[in-house]
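The values are calculated or read from the model by the stated rules, or taken from the named source; none is laboratory data. Predicted model, so just to flag it, every value in this text is computed and none were measured. For neighbour counting, all protein chains shown are included, and Cβ atoms are generated from backbone atoms with ideal geometry for every residue, glycine included. All accessible areas refer to the heavy atoms of the entire protein, side chains included, with ligands and DNA or RNA removed. Shrake-Rupley method; radii C 1.70, N 1.55, O 1.52, S 1.80 Å.
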Amino acid sequence: MDERSSREPAVRGTYLFALTEGGGTVPPEIGVARRLIERGHRVIVLAEDASADDVRAAGAELVGWKKAPNRRGRSRDDDPLHDWELRDPISLARGMAEHMLVGPAPGQADDVASLIARELPDLVVTSFPAWGAMVAAEASGTPFDVLMPNVYPLPAPGLPQLGTGMRPARGPLGRARDRAATAVSTRLLDRFTLERLTAVRRDHGLAPLSHSWDQVRRARRQLVLTSRAFDFQATLPPGVRYCGPILDEPAWAGADGWTAPPGHDPLVLVAMSSTFQDQVACLQRVVDALGRMPVRGVVTTGPALDTRELHAPANVSVVPAAPHREVMREAALVVTHGGHGTVMKALAADLPLLLLPHGRDQADNAVRVTSRGAGLTLRRGAPSRRIAAAVRRLLDDPSYARGAARLGALVRRDASGDGLVTELEQTLAQASPGGAGTDR
């Protein structure tokens, strides 16, 4: 952290974070809390048990969700959504509504309302899916900010529909495509969420909204934790701020160090999701591909998988965890599902990527990589021979490393965290129910 971001603030505040378990979204969100703590602020974090170690490692005050759902871990059995089994937009929208957005919202609203009344925070900071927490903050008159540790997820002119992996539209037909996709996705989301969101808002004395996305737009700030240079350009609301990526490692990633496997062949890091996304078969095909190549493969399975589920040849190491920042100093290439955190770290290390998107926002991250010449994309079911060919192409063609380095320089520039801390501290100079601007 540089000198500016380590200076003590003019006043100290109390921040209440309301975080939901999102796998790769957890380290950057808790990284935001850690930066505030290092500045001398008090930070209370409402979190699920799966994130408890990360919260404690950051030095925040941990409070567990009581009425809202509380996931204990990140295995297949801990995920109520099972989005890897949902094959069509309707079932996915219904599942997200039930398990991520409005299903947990009544409990979230009650838990956050109780903490606001007790702790009088100056600002509430929420995960993007924590709609109930947003309702409670709005109802109490406490300003709230929403963390978005990915590309900008709401519909906006200039952005392709999230989840499609499309490039930006060109010309009138392309813009018509985006308008139509936005209208369809908004209607589909509202179909499964708007009535239930309205009920939660009514229970807390708030008026209904026209569309469910408007709940997120009620925030003081929408804080996008990625590089503006990585995302596609769009016309965004005035409350949106690009604050740069947070590159913190999760608590389970093995902070005690890491030793590279012996040899001089190129090192290829394979890192899929830290949550279960039915990725074992894909990982095995990657391992098989690397096994027939003159490379040193390092596969980190994360907390969602058992290393014994993969069968690796002698030149591929399969480990539960390793600090990716250290591994990437030795690596020549990263193979990943395309989660935002892994993509940002790889680019920050000037490493090209082979992406095999599994769902969620991964195809959107992949197209932002490939459109800048920083990597290649294959479907998740690609056979080992195609994976091996793509790895060889990325290693042999230096243009991909140059593309990654160009984008990586911008990612590193935006990753300081200064703008983020400044945005969060602005509310302390304003009056709020918590007595903003007072020293606590």
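Exactly one condition in (1) touching a Ser or Thr at 6+ places or on another chain (Cβ under 9 Å); (2) within 14 Å of GLN215 (Cα to Cα); (3) among the charged types (D, E, K, R) is false for GLU138; which is it? Result: GLU138 passes all but (1). When we screen ARG118, ARG87, ARG94, ARG76 for residues that are touching an Asp or Glu at 6+ places or on another chain (Cβ under 9 Å), among the basic types (Lys, Arg) and either at pLDDT 95 or above or open to solvent by 50 Å² or more (accessible area, probe 1.4 Å) (or both), the only hit is ARG76. Within segment 364-392, the set of residues being open to solvent by 30 Å² or more (accessible area, probe 1.4 Å) and among the small types (Gly, Ala, Ser) comprises SER371, GLY381, ALA389. With respect to being closer than 21 Å to LEU290 by Cα, aliphatic (A, V, I, L, M) and at pLDDT below 95, VAL335 falls outside the description.
Just give me the residues in segment 200-217 being open to solvent by less than 60 Å² (accessible area, probe 1.4 Å) and touching a residue at least 60 places away in the same chain (Cβ under 8 Å), in sequence order. Working first, answer last.
Of the residues in segment 200-217, the ones open to solvent by less than 60 Å² (accessible area, probe 1.4 Å) are 200-201, 204, 206, 209, 212-216.
Matches in segment 200-217: VAL200, ARG201, HIS204, LEU206, SER212, GLN215, VAL216.
Selection of segment 348-369 for residues being out of contact with any strand residue (DSSP E or B) (no Cβ under 8 Å at 6 or more places or on another chain) and closer than 16 Å to VAL268 by Cβ yields only ASP350.
For the condition in contact with a helix residue (DSSP H, G or I) (Cβ under 6 Å, 6 or more places away or on another chain), among the hydrophobic types (A, V, I, L, M, F, W, C) and at pLDDT below 90, ALA169 qualifies. Restricting attention to segment 251-268, the residues that are touching an Asp or Glu at 6+ places or on another chain (Cβ under 6 Å) and at pLDDT below 90 total 3. For segment 180-195, state whether one or more residues are buried (at least 18 other Cβ atoms within 10 Å of the Cβ), assigned to a helix (DSSP H, G or I), over 25 Å from the mean Cα position of the chain (by Cα) and on the phi < 0 side of the Ramachandran plot. So far as segment 180-195 goes, no, none of its residues is buried (at least 18 other Cβ atoms within 10 Å of the Cβ), assigned to a helix (DSSP H, G or I), over 25 Å from the mean Cα position of the chain (by Cα) and on the phi < 0 side of the Ramachandran plot.
Taken over segment 329-343, residues that are among the aliphatic types (A, V, I, L, M) and open to solvent by 10 Å² or more (accessible area, probe 1.4 Å) amount to 2. Restricting segment 299-327 to residues that are free of Cβ contacts under 8 Å to residues at least 60 places away in the same chain and crowded, with 22+ Cβ neighbours inside 10 Å, the residue that is farthest from ALA415 (Cα to Cα) is VAL316. Flag set for LEU410, criterion: assigned to a helix (DSSP H, G or I), of a type outside the set (Lys, Arg), more than 23 Å from SER273 (Cα to Cα) and within 21 Å of the chain's Cα centre (by Cα).
So which of ALA136, ALA113 is part of a helix (DSSP H, G or I), in contact (Cβ under 8 Å) with a residue 40 or more places away in the chain, buried (at least 23 other Cβ atoms within 10 Å of the Cβ) and touching a helix residue (DSSP H, G or I) at 6+ places or on another chain (Cβ under 8 Å)? So that I can check it myself, show each step before the final result.
On the way: ALA113 fails: buried (at least 23 other Cβ atoms within 10 Å of the Cβ).
One residue alone meets the criteria, ALA136.
Checking the stated criteria, LEU173 turns out to be without any contact (Cβ under 8 Å) to a residue 40 or more places away in the chain and farther than 24 Å from ALA97 by Cα.
GLU21 meets the conditions (1) part of a helix (DSSP H, G or I); (2) buried (at least 22 other Cβ atoms within 10 Å of the Cβ) in every case but one. The failed one is (1). Please verify whether segment 230-239 includes one or more residues that are open to solvent by less than 30 Å² (accessible area, probe 1.4 Å), touching a strand residue (DSSP E or B) at 6+ places or on another chain (Cβ under 7 Å) and without any contact (Cβ under 8 Å) to a residue 40 or more places away in the chain. Yes, because at least one residue in segment 230-239 is open to solvent by less than 30 Å² (accessible area, probe 1.4 Å), touching a strand residue (DSSP E or B) at 6+ places or on another chain (Cβ under 7 Å) and without any contact (Cβ under 8 Å) to a residue 40 or more places away in the chain. Taking the listed residues PRO153, PRO157, PRO106, the one that is part of a loop (DSSP other than H, G, I, E, B), in contact with an Asp or Glu (Cβ under 9 Å, 6 or more places away or on another chain) and closer than 21 Å to GLU48 by Cβ is PRO153, with no other qualifying.
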